[in-house]
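The values are calculated or read from the model by the stated rules, or taken from the named source; none is laboratory data. Source: prediction; values computed, not measured. Every residue, glycine as well, gets a Cβ built from its backbone with ideal geometry; the counts of neighbours run over all protein chains shown. Note: accessible area is taken over every heavy atom of the protein model, side chains too, but ligands, DNA and RNA are not part of it. Shrake-Rupley method; radii C 1.70, N 1.55, O 1.52, S 1.80 Å.
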Amino acid sequence: MIGRQNPAKKTSMVMNKTIGQHILTNPVILQMIVQKSGLRNTDTILEIGPGTGNLTQLLLEAGKKVVAVELDPRMVAELKKRFHSALATQRLLLIHGDFLKVELPYFDVCVANVPYQISSPLVFKLLAHRPIFRAATLMFQREFALRLVAKPSNDLYCRLSANVQLLAKVDHIMKVSRHNFKPPPRVESSIVRIEPHNPPPPINYVEWDGLLRLAFLRKNKTLAAIFKQKSVFSILEENYRAFKALGPGGVWAAANGVQMGDETGALEMEDAGEEQKQDNVEGGMEEETKGEAKILKDKIAAALKESGLSDKRAIKMDLDDFFKLLAMFNELGIHFR
C-alpha cells in the first residue's frame with residue numbers, strides 16, 4: 001500500500017544541475033503526486049527522469065507497469081540496483097536515453113518530476129504521442145506551470161497557453177516549495193495535470209501555430225497594428241505566393257513528387273534584342289508583384305474587419321477567436337506555416 005514506508009531513499013550522489021537534476025525528497029509530496037494522478041492498477045505509467053527512484057517506487061505500487069526514461073548513466077545504475085526484482089519481472093522498463101529523442105512505447109498515463117529546461121518540447125512531444133494517453137501529472141517550474149494554465153487577459157497568457165489548451169485540458173494541482181528538493185532549485189515548482197482532448201481538434205496545427213506565432217509577437221498590440229508591420233507582411237506575402245503558386249496542378253505535383261520548373265528562368269538570351277525583351281518581362285513582373293502586394297494587404301484588412309477582431313489583442317483572445325480568425329484568413333486564401 002502507498003505510504004507504508006518512506007520512498008525517499010537517501011543518496012550521497014552529486015546531482016548534475018546542468019541536466020536539471022533536483023531530486024524530490026519529501027515523502028508527503030511524493031505520495032500526493034501519486035494520489036492526484038488518478039492511477040489504476042491496470043495502468044502502464046510513463047516516468048520521465050526518475051533519478052534515484054523515489055517516485056518510481058510509489059508508481060510501481062500503484063500501477064501495473066512503469067516505463068522510466070533516464071538520461072544519466074549513474075542514475076540508470078542506481079535504478080537497476082534499487083529495482084532489480086521489478087526489472088526481472090518486467091514490471092519496470094528502464095530506457096537509457098534522451099527523452100526528446102527516444103521512441104516511446106505505449107503508456108496510459110505519465111507521472112513525472114521533469115527536467116525543467118526541456119519543459120516545453122517535453123509537453124508537445126507528449127501531446128503528439130499516439131495513441132493518446134489518458135492524463136499526465138507533471139512537476140514544472142512554477143512560472144511555466146502558470147503559463148500553461150493562464151487564461152485570456154492574464155499577464156502570463158501566451159502562445160504556449162493557447163497551443164497547449166487547444167490540445168488538452170490543463171489544471172494547476174498544487175504548489176511545491178523549492179525546499180522539498182535536493183539540491184533545492186532556484187525557483188518554486190508546481191504540479192499540473194494535462195488531459196489531452198480525444199479526439200484532438202480537427203485543425204491544421206502548423207497553420208494554427210503559424211497564426212499564433214505572429215499574433216503573440218506583441219501580445220498587447222492590436223491585430224491591426226501587428227499585421228501592418230513590414231516583417232509580418234513579408235512572412236504572409238511569402239506564404240501567399242507559395243500557396244498561390246501551387247494551384248491545382250501544383251498541388252498534384254507536390255503530392256506526386258514532381259518539381260514544377262520556372263520556364264521564364266530557363267530561357268537563354270541569344271542576343272541583345274532578347275535581353276531587352278527579358279527586361280520588359282521583369283518590369284512587368286515587378287508591376288505584377290506590386291499589384292499582388294496590394295491585393296494581399298486588402299485581404300488582410302478584410303479578414304480582420306469581417307472577423308471583428310481588428311482591434312483585439314492576442315492577450316485577450318480565446319481559442320474561439322483564433323479559430324474564427326484563422327478560418328477567415330484561409331477563406332481569403334491567406335495561409336500560415
Region 60-108, Cα convex hull volume normalised per residue, Å³: 78
Full-stretch length increase - ARG178, LYS297 - with 0.36 nm per residue and alpha-carbon distance subtracted: 37.8 nm
Sites ALA327 and LYS290, calculated FRET efficiency, Cβ-Cβ separation with R0 35 Å, nearest 0.05: 0.75
Equivalent ellipsoid, region 126-174 (semi-axes from 5 times Cα gyration tensor eigenvalues, Å): 20, 13, 8
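How high is the relative contact order of region 29-125, in percent, counting Cα pairs under 8 Å that sit 6 or more residues apart?
34
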Cross-link partners of LYS221 among lysines (Cα-Cα below 21 Å; sequence separation of 8 or more within a chain): LYS151, LYS230, LYS297, LYS299, LYS305, LYS312, LYS316, LYS324
Cα-based reach from LYS101 at 26 Å (exclusive), listing lysines while leaving out same-chain residues under 8 positions away: LYS17, LYS64, LYS65, LYS80, LYS81, LYS125, LYS169
Net charge contributed by nearby residues that have their C-beta within less than 11 Å of ARG142 (K/R +1, D/E -1): +1
Extension gain, ARG218 back to ARG130 (0.36 nm per residue minus Cα-Cα distance, nm): 28.3 nm
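Would you please put 182-190, 306-314 in order of how densely packed they are, using the mean number of other Cβ atoms within 10 angstrom per residue and starting with the highest?
Per-residue Cβ counts within 10 Å, averaged per peptide and sorted highest first, yield 306-314, 182-190.
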Two-site label geometry, PHE233 and HIS84: point separation in nm, points 7 Å out along Cα→Cβ: 7.1
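Could you give the length gained by full extension between MET32 and LEU319, i.e. 0.36 nm per residue of separation minus their alpha carbon distance, to one decimal place?
Values: separation 287, 0.36 × 287 = 103.32 nm, distance 3.19 nm.
Working it through step by step, the gained length comes to 100.1 nm.
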Separation in nanometres of the label points that stand 7 Å from Cα toward Cβ, at LYS64 and ASP311: 5.7
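Whole number in Å², please: accessible area per residue of region 80-127, 1.4 Å probe, ligands, DNA and RNA not counted.
Values: 2430 Å² over 48 residues.
That works out to 51 Å² per residue.
For region 97-232, which whole-number percentage of the solvent-accessible area (1.4 Å probe, protein heavy atoms only) is attributable to carbon and sulfur atoms? Display every interim value, and only then the final one.
Details: 3290 of 6130 Å².
Reported share for carbon and sulfur atoms: 54 percent.
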Accessible area of SER234 in the full protein assembly, 1.4 Å probe (Å², nearest 10): 60
Between region 288-337 and region 21-81, the alpha-carbon center distance in angstrom: 46
Under the Karplus curve 6.51 cos²θ - 1.76 cosθ + 1.60, θ = phi - 60°, whole-Hz ³J(HN,Hα) for region 123-131, x wherever Gly or Pro sits: 4, 6, 5, 4, 5, 8, 5, 10, x
